Amino acid sequence: MVDAALTVIVAVENSSENIKAVLEALDPPKNPMVQFVFGFAGASDNLPAYADKWANVDTLIVPAGCRIPHIWAEGIRQSRAKYVGLLTGQFVPREDWVARALALPWPESRAGYGGVISNNARARAMDWGIFILRYCRFSPPLSATVVEDIAADNSVYRRDLILEEESLLANGFWEPAFHTRFRRRGFDLALDPELAAEQHNRFSARDFASQRYQHAIEFGRERAETKSTTWIFMMLLLAPLLPGVFFAKVLAVATGSQHCRRHVFSSIPWIMFFLICWGSGEARGYFKALRRSN
């Protein structure tokens, strides 16, 4: 039953150190009509004790080993609102994030909004490598416009449209697959530069490499789902070239970004390392799809 104006789902993975700052920015006591869900895989992290006194803050525990898209998916199912805001513990939203999310206009064609993402001033070379790989396309300055893609890590969606895609949601909220499905159904996505968050990376190199590898497996499997066996074989043969192809694309975006360009050189070793992990995972996803089709 819908009884909240908005549900904000914060997926906490390797980021418990940021929870206090995230809570302060979201400010649950000042937003009593908003449901806040902090999701964890297993019980290794906990909300600060003072969060328990707020009736609109819930803790969600999913099985150990689940990743951020699985936490989001379960949070979306348990949401009590028409709209769901998605964040991760790696991001500290701007103090007006909730107010901006509540004020978003919703034309009938709109499936979701994505915001802008910046990196914090104390970021290290590895942090910039992660940021450039994942969020450079969404870094400021940007204008409000209809877009093909948004970062789910700082977003608001119509809950009903997500729930209507249960075949996808059963495997987690992997936003590229949902965005493709939304477009096929005639819905669009938009960027709102006032919906702002800042990355405060808490991933170690090993943890982020593992995340990239596992996410890439899912990406490759989903991408190959509707392709022919010949196409999958071709992609497996080309797999060793994937990191180089990706690097050229990433470099083109990063050098054109006011926010990222001066950090590119120092982060190149990290970018290449993470891209190799992604390329390996994507190839594994193609192989899994091939085995399933035989």
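When the chain is treated as a GNM with alpha-carbon contacts under 10 Å, the residue of Val84, Val62, Val98 showing the greatest mean-square fluctuation is Val62.
What FRET efficiency comes out for Asn171 versus Val147 if R0 is 35 angstrom and r is the Cβ-Cβ distance? Round to the nearest 0.05. Result of the calculation: an efficiency of 0.90. Considering only Leu195, Leu102, Leu275, the mean-square fluctuation computed in a Gaussian network model of the chain, springs between alpha carbons under 10 angstrom, is largest for Leu102. The order of Trp128, Trp231, going from fewest to most other C-beta atoms within 10 Å of their C-beta, is Trp231, Trp128. Since only Phe173, Ile162, Thr145 are under comparison, the one whose Cα sits farthest along the positive direction of the charge dipole of region 133-176, derived from C-beta charges on Lys, Arg, Asp and Glu, is Thr145.
Separation of region 1-70 from region 260-277 is 31 Å, based on Cα centroids. The ranking of Met33, Met235 from fewest to most other beta carbons within 10 Å of each one's beta carbon is Met33, Met235.
Over the chain, DSSP H runs of length four or greater, each weighted -39,500 (n - 2.57), average out per residue to a 222 nm ellipticity of -13500 deg cm²/dmol. Computed over the chain, relative contact order equals 21 percent, with contacts defined as Cα pairs under 8 Å that lie 6+ residues apart.
With all pairs of different C-alpha atoms in the average, the Kirkwood value for the hydrodynamic radius of region 118-196 is 14.2 Å.
Reported value for region 205-293: 97 Å³ per residue, from the convex hull of its C-alpha atoms. Given +1 at the Cβ of Lys and Arg, -1 at the Cβ of Asp and Glu and no other charges, the dipole of region 6-199 around its Cα centre is 180 debye to the nearest 20. Taking a span of 27 Å or more along the helix axis (Cα atoms) and a mean Kyte-Doolittle hydropathy of at least -1.0 as the rule, the DSSP H helices of the chain that qualify are 264-293.
Using a Gaussian network model of the chain in which every pair of alpha carbons under 10 angstrom is joined by a spring, one finds that among Gly220, Gly115, Gly42 the greatest mean-square fluctuation is at Gly42. In plain terms, the chain from Lys288 to Ala43 could stretch by 85.2 nm, reckoned as 0.36 nm per residue minus the Cα-Cα distance.
Computed over Cα pairs, the Kirkwood radius of region 48-185 leads via Stokes-Einstein (1.567 mPa s, 4 °C) to a diffusion coefficient of 79 µm² per second.
Taking N as the residue count of the chain, its C-alpha radius of gyration divided by 2.2 N^0.38 Å amounts to 0.98.
By the beta-carbon count within 10 Å of each Cβ, the least crowded to most crowded order of Glu148, Glu164, Glu175, Glu194, fewest first, is Glu148, Glu164, Glu194, Glu175.
Readers should treat all values here as calculations from the given coordinates under stated rules, not as data from a laboratory. Because the structure is a prediction, the values reported are computed rather than measured. Note: ideal-geometry Cβ built from the backbone for every residue, glycine included; neighbour counts use all protein chains shown.
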